[in-house]
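Have a look at the structure below, then the notes.
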Amino acid sequence: MPMPRLTHGVLVLLLLFVPAALGRAALPDANAPPAPGSLTGQLLVAAPELDDPSFAHTVILLVRQDAHGALGIIVNRPLGDRPWAGLMAGIGQDATGLDGSVRIFSGGPMEPGNGFVLHSAEYRRGATLAIDGKVAMTSSVEVLSDIAHHAGPQQSLVAFGYAGWGPGQLEHELGLHAWFTIPDDPKLIFDDDRGKVWDDAIARRTIPL
């Protein structure tokens with residue numbers, strides 16, 4: 001059967017939630033605690049002067065940061081909404097009775113075929129990575145199905161791709177003041193108007209602009 005014509009965003013979503021491609025290449029060890037002094041769980045905020053188109057005016061939740069590098073998910077780049085029923089049917093899951101839609105985010109420029117779900121910490125699956133006690137991350141078809149059937153986490157953000165840095169790279173960029181960090185706040189990740197997240201994060205900066 002020929003594949004129906006899909007927009008790029010829908011096609012990527014259908015690919016990213018295939019079980020074999022759920023971020024496993026990038027996902028840190030769920031059982032490994034953050035290293036001492038790690039920025040894990042902090043929000044990384046692009047400085048106003050940062051003009052890299054991949055990261056300008058972004059806010060990134062740092063999922064892990066240690067001597068091996070850093071991994072984060074951009075939380076303020078929505079790509080659009082997709083109907084739950086069509087999405088779940090497209091990945092071979094039960095779409096019976098599903099209504100509403102899900103907002104899709106670009107989590108970063110690296111490995112855009114890998115899907116990640118940031119969510120409130122009360123929800124846990126075997127693939128769930130605890131981040132800071134307030135927010136966690138899961139990459140599995142099950143979390144998407146749970147959310148679609150109103151049995152998932154209280155709050156969630158579905159993204160594909162991630163932001164990544166090699167050993168010492170993020171620390172170097174922080175030293176150049178390309179970024180600054182603020183404490184994690186679930187409101188900025190899940191609740192705020194996406195168009196205002198960067199502005200709200202900038203307003204929390206303790207160093208004068």
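No lab work stands behind these numbers, since they all come straight from the coordinates. Predicted model, so just to flag it, every value in this text is computed and none were measured. Every residue, glycine as well, gets a Cβ built from its backbone with ideal geometry; the counts of neighbours run over all protein chains shown.
Remarks
- Among the GluC sites (Glu not before Pro) in the stretch 111-209, those located in a DSSP loop and surrounded by at most 11 other Cβ atoms within 10 Å of their own Cβ are Glu122.
- Available extension along the chain between Thr96 and His68 is 5.7 nm, counting 0.36 nm per residue and deducting the alpha carbon span.
- Simple spin-label estimate for Glu142 and Arg103 gives 2.8 nm between the two label positions (7 Å along the Cα-to-Cβ direction from each Cα).
- At full extension, His177 and Ala56 could sit 42.2 nm farther apart than now, given 0.36 nm per residue minus the alpha carbon distance.
- For the stretch 8-203: rounded, prolate or oblate by the Cα gyration tensor [a/c cutoff 1.5]: prolate
- Alpha-carbon centroids, the stretch 50-115 and the stretch 139-209: separation in whole Å: 11 Å
- The calculated FRET efficiency for His150 paired with Asp193, based on their beta-carbon distance and R0 = 25 Å, is about 0.55.
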